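Chemist: One structure follows; several queries about it will come next.
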Protein chains: 2
Amino acid sequence: MPPEPVDFWFDFISPFGYLASLRIDELAARHGREVRWHPLLLGVTVLQIMGLKPIPETPLKGDYAVRELLRYQRRHGQSIGRDLFLPPMAPLPPARLMAALLRLEPAQAKPFARAVLRAYWRDGRQIHGAADLQTIGVAAGIPAALLARASDGALAREALRDEMDQAVARGVFGSPFVIIDGEPFFGVDKLELIDEWLACGGW
Amino acid sequence: MPPEPVDFWFDFISPFGYLASLRIDELAARHGREVRWHPLLLGVTVLQIMGLKPIPETPLKGDYAVRELLRYQRRHGQSIGRDLFLPPMAPLPPARLMAALLRLEPAQAKPFARAVLRAYWRDGRQIHGAADLQTIGVAAGIPAALLARASDGALAREALRDEMDQAVARGVFGSPFVIIDGEPFFGVDKLELIDEWLACGGW
């Protein structure tokens, strides 16, 4: 029996989630693991459930997070192609669309998410809701008819609500967040630890 | 000229700060660096300045932090000898006393802090203010007369206020926090990164 897939959550507007998305599949594959990607809304976990502020609006931490992000990019030879101080896109439409794809055609959810993350974070494109998401999805090879079906408001809303309920029930709160065989890991900094964990079977 | 010392901040009531304190000097010494220890009050940075809640009172994050703490201990063969769910000691008295020692006799501040951390976190002792701190300090070889001088309310208050002002001005907010040649590192998870940074001169 193949080992259980690794679960990976990210918010589309989280730069640390984006940087983790660039490495998580290759990292898990080295240990014979698949990765299931899940959308997460920090607006629900961090703001509503935890009652905290967004990091950029948190004194001291906001400045620190930018430094850490730049350092991480330098260290890993990654780069973000957009101004971090621009207002972020609305994270709800891509999260809903991704959740709907996970229901309708799970294999298409990850290519869709990857294409959106790339357009937004690597290429610095502005993304304004449904039409832009369709364009990006089609360019990534997702069938237009499937994207149209996944854009159904009621279906997508319910799919994302389910995803979020499950995430919170499993203790997920940040971006990136990874669960491996029940063990939770928060933060892009944990990728090296995850690598070790997968190699040795955990401590 | 020897390289600049590394600066290390911790709150006496932070278990992650304690675990970092067990490794930071040895780690820095391998790269020819001294470490200057500084007291920090999370009640000032996290609660007052950042406007956040204590981690144990933050939904989702509180549970996660406990898991991470246990995992870290298993991985590094460290252990905490007290019940994490007991109410913490008041962090102000040891922080003030340490700040006063940093002024009066800097070489005695670290042995004092280490003895308090050990008594509290390793041995699970209850620490109730000045008398217990004196006992612990004397047992650690700090002259009783010096401890008495450092317990002067006005001196200690002002010394800690200065320490806190400087810490905040340098962007310090959490425990543990390390600054090396102007580069900030937050969290016990960063010790491996710090090791790499000191080895290669940074990215």
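The values are calculated or read from the model by the stated rules, or taken from the named source; none is laboratory data. It should be emphasised that the depicted structure is a prediction, and the values quoted were computed from it without experimental measurement. Heads up, the Cβs are rebuilt from the backbone with ideal geometry, glycines too, and the neighbour counts pull from every protein chain shown. The protein model used for the area step is the full one, side chains on, heavy atoms only, and it has no ligands, DNA or RNA in it. Shrake-Rupley method; radii C 1.70, N 1.55, O 1.52, S 1.80 Å.
Chemist: Quick one: how many residues across segment A:188-197 are touching a Pro at 6+ places or on another chain (Cβ under 9 Å) and either open to solvent by 20 Å² or more (accessible area, probe 1.4 Å) or of a type in the set (Lys, Arg) (or both)? Break it down stepwise before answering.
Modeler: Narrowing segment A:188-197 to residues touching a Pro at 6+ places or on another chain (Cβ under 9 Å): A:188, A:190-191.
Okay, now just the ones that are also either open to solvent by 20 Å² or more (accessible area, probe 1.4 Å) or of a type in the set (Lys, Arg) (or both), so A:190.
Matching residues across segment A:188-197 total 1.
Chemist: Exactly one condition in (1) farther than 14 Å from A:Phe186 by Cβ; (2) within 12 Å of chain B (Cβ to nearest Cβ); (3) buried (at least 19 other Cβ atoms within 10 Å of the Cβ) is false for A:Tyr18; which is it?
Modeler: (2)
Chemist: Something else about it: Name the residue that is nearest to B:Trp121 (Cα to Cα), counting only residues in segment B:67-84 that are of a type in the set (A, V, I, L, M) and loosely packed, with under 15 Cβ neighbours inside 10 Å. Step through it out loud before you land on a result.
Modeler: First pass over segment B:67-84, keeping only residues of a type in the set (A, V, I, L, M): B:69-70, B:80, B:84.
Subsequent filtering for residues that are loosely packed, with under 15 Cβ neighbours inside 10 Å retains B:70, B:84.
Details: B:Leu70: 14, B:Leu84: 9 Å.
Filtering segment B:67-84 for residues that are of a type in the set (A, V, I, L, M) and loosely packed, with under 15 Cβ neighbours inside 10 Å, the one nearest to B:Trp121 (Cα to Cα) comes out as B:Leu84.
Chemist: A follow-up question, please. From (1) in contact with a strand residue (DSSP E or B) (Cβ under 9 Å, 6 or more places away or on another chain); (2) within 14 Å of chain A (Cβ to nearest Cβ), pick out the condition that doesn't hold for B:Leu47.
Modeler: Failing condition for B:Leu47: (1).
Chemist: Right, something else. Using the structure shown, decide if B:Pro5 is away from every other protein chain (no Cβ under 11 Å), open to solvent by less than 40 Å² (accessible area, probe 1.4 Å) and either within 18 Å of the chain's Cα centre (by Cα) or more than 17 Å from B:Ala159 (Cβ to Cβ) (or both). Spell out the reasoning first.
Modeler: Working: away from every other protein chain (no Cβ under 11 Å): yes; open to solvent by less than 40 Å² (accessible area, probe 1.4 Å): yes; either within 18 Å of the chain's Cα centre (by Cα) or more than 17 Å from B:Ala159 (Cβ to Cβ) (or both): yes.
Yes, satisfied.
Chemist: Within segment B:146-161, identify whether any single residue is within 14 Å of chain A (Cβ to nearest Cβ), under 23 Å from B:Pro54 (Cβ atoms) and either touching a residue at least 24 places away in the same chain (Cβ under 8 Å) or assigned to a loop (DSSP other than H, G, I, E, B) (or both), and answer yes or no.
Modeler: Looking only at segment B:146-161, we keep the residues that are within 14 Å of chain A (Cβ to nearest Cβ), and these are none.
Scanning segment B:146-161, I find no residue that is within 14 Å of chain A (Cβ to nearest Cβ), under 23 Å from B:Pro54 (Cβ atoms) and either touching a residue at least 24 places away in the same chain (Cβ under 8 Å) or assigned to a loop (DSSP other than H, G, I, E, B) (or both), so the answer is no.
Chemist: Something else: Anything in segment B:111-145 that is open to solvent by 60 Å² or more (accessible area, probe 1.4 Å) and within 14 Å of B:Arg82 (Cα to Cα)? List them, or say none.
Modeler: B:Arg118, B:Arg122, B:Asp123, B:Arg125, B:Gln126
Chemist: Checking A:Leu117 against (1) in contact (Cβ under 8 Å) with a residue 60 or more places away in the chain; (2) within 14 Å of another protein chain (Cβ to nearest Cβ): exactly one of these is not met. Which one?
Modeler: Among (1) in contact (Cβ under 8 Å) with a residue 60 or more places away in the chain; (2) within 14 Å of another protein chain (Cβ to nearest Cβ), the lone unmet condition for A:Leu117 is (2).
Chemist: Among the residues of segment A:34-56, what is the count of those that are open to solvent by 20 Å² or more (accessible area, probe 1.4 Å), touching a Gly at 6+ places or on another chain (Cβ under 8 Å) and touching a residue at least 40 places away in the same chain (Cβ under 8 Å)?
Modeler: Looking only at that region, the number is 2.
Chemist: Would a scan of segment B:165-174 turn up a residue that is within 29 Å of B:Met50 (Cα to Cα), among the β-branched types (Val, Ile, Thr) and either part of a helix (DSSP H, G or I) or free of Cβ contacts under 8 Å to residues at least 24 places away in the same chain (or both)? Reasoning before the result, please.
Modeler: Filtering segment B:165-174 down to residues within 29 Å of B:Met50 (Cα to Cα) leaves B:165-174.
From the residues that got through so far, the ones that are among the β-branched types (Val, Ile, Thr) too are B:168, B:172.
Subsequent filtering for residues that are either part of a helix (DSSP H, G or I) or free of Cβ contacts under 8 Å to residues at least 24 places away in the same chain (or both) retains B:168.
Scanning segment B:165-174 turns up at least one residue that is within 29 Å of B:Met50 (Cα to Cα), among the β-branched types (Val, Ile, Thr) and either part of a helix (DSSP H, G or I) or free of Cβ contacts under 8 Å to residues at least 24 places away in the same chain (or both).
Chemist: Another question, then. May I ask you to list the residues in segment A:64-109 that are β-branched (Val, Ile, Thr) and over 20 Å from B:Gly187 (Cα atoms)?
Modeler: At the first step, the residues of segment A:64-109 found to be β-branched (Val, Ile, Thr) are A:66, A:80.
Scanning segment A:64-109 gives a single hit, A:Ile80.
Chemist: Out of all the residues in segment A:85-110, which are open to solvent by less than 50 Å² (accessible area, probe 1.4 Å) and of a type in the set (Gly, Ala, Ser)?
Modeler: A:Ala95, A:Ala99, A:Ala100, A:Ala109
Chemist: Continuing with the same structure: Answer yes or no: is there a residue in segment B:83-99 that is more than 15 Å from the chain's Cα centre (by Cα) and touching a residue at least 40 places away in the same chain (Cβ under 8 Å).
Modeler: Step one: of segment B:83-99, the residues more than 15 Å from the chain's Cα centre (by Cα) are B:83-87.
Checking which are touching a residue at least 40 places away in the same chain (Cβ under 8 Å) leaves us with B:83-84.
Yes, segment B:83-99 contains a residue that is more than 15 Å from the chain's Cα centre (by Cα) and touching a residue at least 40 places away in the same chain (Cβ under 8 Å).
Chemist: Now for a separate question. Could you please find all residues in segment A:168-203 being at the interface with chain B (Cβ under 10 Å from one of its Cβ atoms) and among the hydrophobic types (A, V, I, L, M, F, W, C)?
Modeler: Listed by number, the residues that qualify are A:Val168, A:Val172, A:Phe173, A:Phe177, A:Phe185, A:Phe186, A:Leu193, A:Trp197, A:Cys200, A:Trp203.
Chemist: For segment B:1-59, which residues satisfy the criterion of being more than 13 Å from B:Leu117 (Cβ to Cβ) and of a type in the set (Asp, Glu)?
Modeler: Listed by number, the residues that qualify are B:Glu4, B:Asp7, B:Glu26, B:Glu34, B:Glu57.
Chemist: In segment A:155-184, what residues are open to solvent by less than 60 Å² (accessible area, probe 1.4 Å) and either more than 19 Å from the chain's Cα centre (by Cα) or more than 24 Å from A:Pro94 (Cα to Cα) (or both)?
Modeler: Of everything in segment A:155-184, those that are open to solvent by less than 60 Å² (accessible area, probe 1.4 Å) and either more than 19 Å from the chain's Cα centre (by Cα) or more than 24 Å from A:Pro94 (Cα to Cα) (or both) turn out to be A:Leu155, A:Ile180, A:Gly182, A:Glu183, A:Pro184.
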